[in-house]
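Before any comments, here is the structure.
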């Protein structure tokens with residue numbers, strides 16, 4: 001009887017030892033699996049997150065709009081507006097929430113009622129609706145640069161070379177087309193407010209060149225870069241251009257970069273023409 005009790009006790013001790021060993025091994029195996037998973041995850045490259053290219057951007061100019069001939073802008077108060085302006089004291093370009101100052105009057109020159117849209121900032125150049133990645137402290141590359149035919153503008157940004165190439169025929173006061181070599185020799189001041197026909201502006205980056213704008217005729221107005229820099233923080237240039245076809249009109253083009261499109265990384269999101277001739 002004593003031998004049987006000892007035998008039973010021996011097998012119970014073996015069973016307890018086996019159970020305690022299993023309990024001790026399971027946490028160790030689980031920890032090894034987590035470590036392997038973490039190691040595997042850490043070896044994967046971090047995902048590249050880019051802002052979505054905006055499907056639609058509305059713009060307004062700080063000017064007057066005629067009720068009949070141009071039409072008042074629609075749903076102005078229903079949209080959230082931003083503005084690009086140059087700070088008077090520092091000369092720095094900034095983005096801010098726009099507090100539109102809207103008033104109404106009459107243009108006696110043409111006998112039309114007008115809607116006038118302004119800002120508290122006198123140096124505002126454009127109102128626009130927001131988009132992904134908008135940077136309130138944009139990086140400025142160029143400003144107020146004429147874009148005359150045969151006068152290319154090259155610039156470098158974040159190590160990449162870019163080229164703006166304006167083309168077209170400059171016409172003198174007698175209606176004769178000036179030779180290209182003579183246009184190249186003339187200064188920006190001499191070309192100011194010229195007549196230009198068949199105007200095109202192309203943009204080159206790397207080996208890719210594409211057209212930004214085509215204007216049939218520019219009369220006594222200066223095509224120019226209003227502002228060029230990085231608005232959406234993707235290290236690619238964005239730009240606002242004045243390509244008015246006549247000295248009594250305003251036509252602004254708004255271009256934003258698209259880092260997901262290697263063939264055309266700069267795209268027009270909006271343009272607006274306002275006529276105030278007399």
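Just rank 222, 187, fewest to most, by other beta-carbon atoms within 10 angstrom.
Working: 222 18, 187 10.
By the 10 Å Cβ count, ascending: 187, 222.
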Fewest-first sequence of 176, 151 by Cβ atoms within 10 Å of each Cβ
176, 151
For the range 125-177 and the range 49-102, what is the separation of their Cα centres, given in Å?
20
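Please order 263, 268, 68 by the number of other Cβ within 10 Å, starting at the fewest.
Numbers: 263 7, 268 14, 68 11.
In increasing order of surrounding Cβ atoms, one gets 263, 68, 268.
Each reported figure results from applying straightforward, stated rules to the coordinates on display, with no laboratory input. What you are looking at is a predicted structure, and each value in this text was computed from that prediction instead of being measured. Every residue, glycine among them, receives a Cβ derived from its backbone with ideal geometry; neighbour counts consider all protein chains shown.
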